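Participant: One structure, as C-alpha cells, below. Some questions next.
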Amino acid sequence: MADRMKDSLLQNLERLRKEFPAALAQADDEAKLLEVKTEFLGKKGRLTEVLKEMGRLGAEDRPLVGAAANEVKQFLESEYDAALRKFKAAQIERHLQADKFDVTLPGRPEALGHLHPVTQILDLAKDLFERLGFVTRTGPEIEDDFHNFEALNIPVHHPARDLQDTFYLQGRKWLLRTHTSTVQIRVMKGQRPPLRMIAPGAVYRSDSDVTHTPMFHQIEGLWVDEGITFADLKGVLSLFVQGLFGASTQVRFRPSFFPFTEPSAELDMSCFKCAGKGCNLCKGTGWIEVLGCGMVDPEVFKFVDYDPDKYQGFAFGIGLERLAMLKFGINDLRLFFENDIRFLRQF
Ligand code: PHE
C-alpha cells in the first residue's frame with residue numbers, strides 16, 4: 001500500500017518532467033510560456049498537487065520522494081528559464097532583421113540653398129571695389145536729421161527733402177535713413193583723409209510700385225584725398241560697370257543734381273541687350289541709367305571739418321536691386337522681397 005503510494009508519486013513527478021518541456025515547446029509567446037509555468041509550478045499547479053500528496057507517505061519514504069520532487073522542481077525552473085532566454089534572443093534577432101539597413105546605399109542629397117540675387121550682386125560689387133582699395137564701412141539705419149540731411153547740405157526747407165519720402169520716427173526726432181550717404185558723414189567725422197570706402201546697406205522711402213519698394217539697398221562710395229578729380233570718378237566707376245557688365249560696356253555721364261555733390265552726374269551704361277541700338281530695355285535710347293555720383297560739395301567738407309581747399313573727393317550711390325534687375329533680367333522689383341523660392345532658385 002505504502003509502496004504503491006510512493007511509486008505513483010514518483011511516476012507523477014516523472015510525468016511532470018516529461019510533459020513540461022513539451023508544453024513549453026507549444027508556447028509561441030511570452031504570455032503562453034508563463035501560463036505553462038503557472039500550470040506546472042504555480043501555487044495551485046501540478047507540482048504543488050504532488051507535494052500535497054506527500055503528507056500521506058510514510059516517514060521512511062518521504063526523504064526519497066522529497067528529493068525527487070526538489071530535483072524535478074529545479075529541472076522545471078531551469079527549463080522555463082532556458083525557454084524564456086531563447087524567446088528573448090529570438091525576439092532580439094527578429095528586431096535586428098527587421099531594422100537592418102544597407103550601409104552601402106548612396107545618401108539622399110540635402111537641398112543646398114544659395115545666396116539671394118541681391119546678395120550676389122553685393123558680393124560682386126564689394127569684390128570689384130575692394131580690388132580698387134575701397135574698404136567696407138557701415139552705419140545705422142535709424143538716423144537723425146543731421147546725418148541724413150543737414151550735413152549733406154540739405155537744409156531744413158530745401159526742396160530736395162520732399163523728394164526723399166522720408167519715414168519719420170517719434171515725431172521728427174529720428175528717421176529711417178533715405179540713403180546710405182549718411183555713412184559718408186559718419187566716416188568723415190571719425191577719420192581724416194585719405195579715405196576710400198564703400199557702405200552697403202538698407203535704405204527706406206515711403207514709395208511702392210513696380211520699380212520702388214519701401215526698403216531697398218544701396219552701396220555708397222566715397223574717395224577723399226588731395227587732388228582727386230572727376231577723372232578719378234570716371235575711372236573708378238567705368239571699371240566697376242565694366243567689371244559687372246563686361247569690358248565692352250560704354251559709360252556716359254549726364255549732368256544731374258544732388259545737394260551734396262557739385263558737379264553731380266548720372267552714370268548711364270550702353271544697353272547690354274541691344275548694344276546701343278535701342279530696344280525695350282533701354283526704351284529705345286541705347287542707354288541705361290545706373291547710378292548717381294559727383295564731386296563732394298565743399299559745403300559737406302565744412303560739416304565734417306575737412307579743409308575744402310586742401311581736399312577733394314567724389315561720391316556715388318548705387319541702387320543694388322536695380323543692378324540685380326539689370327544683371328539678371330528681372331522686371332519687377334517686388335520679387336526680390338517676396339522670397340518665393342521658385343523665383344530665387346533661378347539665380
Ligand atoms: N544719395 C543719393 C540717392 O540716394 C545717391 C548719391 C550718392 C548721389 C552719392 C551722389 C553721390 O539718390
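What follows is calculated from the coordinates using simple rules that are stated; it is not laboratory data. Bear in mind the structure is a predicted one, so any value in this text is a computation, not a measurement. So basically every Cβ, Gly included, is an ideal-geometry build from the backbone, and we count neighbours across all protein chains shown.
Participant: Helices from the chain with mean Kyte-Doolittle at least -0.5 and a Cα length along the axis of 24 Å or more, per DSSP H: which?
Facilitator: Qualifying helices, which must be both long enough and hydrophobic enough, are 62-98.
Participant: Another question, then. For TRP287, TRP174, which order do you get if you count the other beta carbons within 10 Å of each Cβ and list the fewest first?
Facilitator: TRP174, TRP287
Participant: Taking the dipole about the Cα centre of the chain, with the C-beta of Lys and Arg at +1 and of Asp and Glu at -1, give me whichever of LEU122, MET295, VAL156 is farthest to the positive side.
Facilitator: In the chain, that residue is LEU122.
Participant: On to the next question. For the range 1-124, how big is Rg over Rh, using alpha carbon atoms and the Kirkwood form of Rh?
Facilitator: My calculation of the ratio gives 1.60.
Participant: Next question. From the cross-link list LYS126/LYS310; LYS43/LYS88; LYS6/LYS73; LYS126/LYS173; LYS189/LYS234, which pairs have alpha carbons spaced over 22 Å apart?
Facilitator: The pairs that break the limit, which is 22 Å between Cα atoms, are LYS126/LYS310; LYS43/LYS88; LYS126/LYS173; LYS189/LYS234.
Participant: Given +1 on the Cβ of Lys and Arg, -1 on the Cβ of Asp and Glu, and no further charges, what dipole in debye does the chain carry about its Cα centre, rounded to the nearest 20?
Facilitator: 800 debye
Participant: Put one equal scatterer on each alpha carbon of the range 201-304, apply the Debye formula with no solvent term, and list log10 I(q)/I(0) at q = 0.16 1/Å to two decimals.
Facilitator: Listed by q, the Debye log ratios stand at -0.87.
Participant: Scale the Cα Rg of the range 278-327 by the rule-of-thumb value 2.2 N^0.38 Å and send over the ratio, two decimals.
Facilitator: Scaled against compact globular proteins, the figure is 1.71.
Participant: If you don't mind, another one. Any chance you could list P(r) for the range 258-299, counting all Cα-Cα pairs in 10 angstrom bins from zero, rounded to whole %?
Facilitator: 33, 31, 23, 12, 1
Participant: Here's another thing I want to ask about it. On a straight-distance basis, which aspartates and glutamates could pair with LYS37 in a cross-link, Cα separation under 14 angstrom, same-chain partners fewer than 8 positions away excluded?
Facilitator: GLU19, ASP28, ASP29, GLU77, GLU79, ASP81
Participant: If you don't mind, there's one more thing I want to ask. Per DSSP helix of 4 or more residues, -39500 (n - 2.57); summed, then divided by the residues of the chain. What does that give at 222 nm, rounded to the nearest 500?
Facilitator: Result for the chain, helices only: -13500 deg cm²/dmol.
Participant: Round to a whole angstrom and tell me the spacing of the C-alpha centers of the range 250-297 and the range 226-249.
Facilitator: Distance between centres, Cα-based: 13 Å.
Participant: Taking the range 68-122, which chymotrypsin sites (Phe, Trp or Tyr not before Pro) meet the DSSP loop condition and have no more than 11 other C-beta atoms within 10 Å?
Facilitator: Of the chymotrypsin sites (Phe, Trp or Tyr not before Pro), the ones in loops of the range 68-122 whose Cβ has at most 11 other Cβ atoms within 10 Å are PHE101.
Participant: For the chain, divide the Cα radius of gyration by the Kirkwood radius and give the resulting Rg/Rh value with two decimals.
Facilitator: 1.65
Participant: Please work out the ratio of the alpha-carbon Rg of the range 25-86 to 2.2 N^0.38 Å and round it to two decimals.
Facilitator: Taking N as the residue count of the range 25-86, the ratio is 1.30.
Participant: To continue, here is another question. Please identify every one of the trypsin sites (Lys or Arg not before Pro) in the range 112-172 that sits in a loop by DSSP and has no more than 10 other beta carbons within 10 Å of its own beta carbon.
Facilitator: Loop-located and lightly packed - ARG172.
Participant: Order these by the 10 Å Cβ neighbour count, fewest first: THR136, THR249.
Facilitator: THR136, THR249
Participant: Could you work out how far the C-alpha centroid of the range 1-40 sits from that of the range 167-188, in angstrom?
Facilitator: Taking the Cα centre of the range 167-188 as reference, the centre of the range 1-40 is 95 Å away.
Participant: Amide H of SER264: which non-local residues (sequence gap of 5 or more, or other chain) have their own amide H closer than 5 Å, using H built in the peptide plane?
Facilitator: Result for SER264 returns SER256, PHE258.
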